[in-house]
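The values are calculated or read from the model by the stated rules, or taken from the named source; none is laboratory data. Predicted model only: the values in this text are computed from it and were never measured. Glycine gets a Cβ as well: all are built from the backbone with ideal geometry, and neighbour counts include every protein chain shown. Please note that ligands, DNA and RNA were not included when accessible areas were found on the heavy atoms of the full protein model with its side chains. Shrake-Rupley method; radii C 1.70, N 1.55, O 1.52, S 1.80 Å.
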Amino acid sequence: MARCIFHIDLDAFFVSVERVLTPELEGKPVIVGGDPERRGVVASASYEARPFGIYAGMPLSRARCLCPQAIFIQASFPRYVEASSKFMKILADFSPHIEPLGIDEAYLDVTGCEQAYGSYRQLALAMKGRIYKELRLTASVGIAACKVVAKISSDLCKPDGLLEIAPGEERNFLNPLPVAKLPGVGRRMEQQLKQMGITTIGKLASLPLGVVKGQLGTIGVVIHNYANGMDNRRVEAPGETRSISQQITFARDTSKQPLLEAHLHGLCEEVSMELRRRDKQAKCVTLKLRYADFRTITRQVILREASNINQDIFAAARCLLGNALARGEKPIRLIGIKVSKLVGREKQLHMFDPERDRMERLDRAIDKIREKYGQTSIKRGRRVA
Ligand code: TTP
Ligand code: MG
């Protein structure tokens, strides 16, 4: 089933909160940032101020030059934090799968939540309606089958917008847009792409992957996928994934080490693949064994370096298994593996270790084949007899 992802972002958030408290600010160019006489930058500009060329991050002194009639307000963070928490609570009423991104934006996975509303569009309208009714704030919502397209569409329909990109329409939607609209394409990459003659997302999407990779490296692969409307990142609550585990119960209890290792290898591949899919690495590997008499033990080890490489996870698990079997216990009815102490994937570690980088890339290449053709389409070395 196609996923349905919302990206929702409040419009001119700081300014809008100020307007709730001071309705006279409505319809006027308003800038929240601080005292323009002192050093400081624009945090939020009302949509009436934007045609003057004012944007977030601009020095306040420059903003005053461009739009002297603007009303400048000093930021009051506790107000914004309070509004933000109310906003997130409203979102949580519409889906349990919510990933706050910043103070005023979030992704929601609303797959299957539309039934009570008739359509995803109606669901989004209901959400916008509640936000306005309860907080007097307007929000813009992008609806798509993946995060990157949802985010770009919410950005394009601001303010107070709603833009739904139907599955299959991603390329048509993205093609004419400038490459800078893609998350991850900053000023430098935009320049690099320009030098390659690439200014639109469509042009980037139609370049051969090898060319993009050759010019931009690994990040190029991600950007190229985005340009093609491909993004399988999940909507993930912060700290949601604490561990990933897999286990298998045998039809017949066994003490045969090669058989146990072969199953363990398969389980390790599965948890490592899940780690890579979530762009996580694990520091801790735990082996679980249940004996024929149902006695269950767990043994764990902390890795020297967090990893999501099959070989690392399996090496640790195999060592734990070897130690456990050396004690010559009863036959085993269940074997399981858990990876925990998860951290974000820290690429820079691998940069100094080309071999591990190569191994991870190989694992990811196999993941892709499996995603396309199924888990059993390709196997490495060790087989379950
Ligand atoms: P944004 O959502 O980027 O901006 P916005 O809500 O003001 O306007 P838009 O309608 O385009 O979404 O950021 C949310 C708030 O975060 C913004 O109101 C103020 C704060 N902020 C800063 O303090 N500094 C910054 O550079 C940016 C971009 C935002
Ligand atoms: Mg905003």
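Checking 270, 236, 274 one by one, the residue that is under 30 Å from residue 95 (Cα atoms), touching a Phe, Trp or Tyr at 6+ places or on another chain (Cβ under 9 Å) and open to solvent by 20 Å² or more (accessible area, probe 1.4 Å) is 236 and no other.
Go through the range 89-112 and report how many residues are open to solvent by less than 30 Å² (accessible area, probe 1.4 Å), within 16 Å of ligand 2 (Cβ to nearest atom) and hydrophobic (A, V, I, L, M, F, W, C). Total meeting the criteria: 4.
Restricted to the range 148-162, and to residues there that are of a type outside the set (A, V, I, L, M), touching a residue at least 40 places away in the same chain (Cβ under 8 Å) and more than 18 Å from residue 88 (Cα to Cα), the residue that is farthest from ligand 2 (Cβ to nearest atom) is 153. When each of 61, 85, 44, 95 is tested for being small (Gly, Ala, Ser) and within 14 Å of ligand 1 (Cβ to nearest atom), the lone residue that passes is 44.
Would you point out which residue out of 4, 67 is touching a Phe, Trp or Tyr at 6+ places or on another chain (Cβ under 9 Å), under 30 Å from residue 231 (Cβ atoms) and either open to solvent by less than 10 Å² (accessible area, probe 1.4 Å) or more than 14 Å from ligand 2 (Cβ to nearest atom) (or both)? Walk me through how you get there before you give the answer.
Details: 67 fails: under 30 Å from residue 231 (Cβ atoms).
From the options 4, 67, the qualifying one is 4.
From the list 122, 74, which one is more than 28 Å from residue 142 (Cα to Cα) and more than 15 Å from ligand 2 (Cβ to nearest atom)?
Details: 122 fails: more than 28 Å from residue 142 (Cα to Cα).
That would be 74, the only listed residue that is more than 28 Å from residue 142 (Cα to Cα) and more than 15 Å from ligand 2 (Cβ to nearest atom).
Just so you know, in the range 37-64 the residues that are within 14 Å of ligand 2 (Cβ to nearest atom) and in a strand (DSSP E or B) include one that is farthest from the chain's Cα centre (by Cα), and it is 45.
Within the range 181-208, the set of residues being within 21 Å of residue 169 (Cα to Cα) and within 22 Å of the chain's Cα centre (by Cα) comprises 181, 182, 183, 201, 204, 205. Scanning the range 277-311 for residues that are open to solvent by less than 50 Å² (accessible area, probe 1.4 Å) and more than 29 Å from the chain's Cα centre (by Cα) gives 289, 291, 292, 297.
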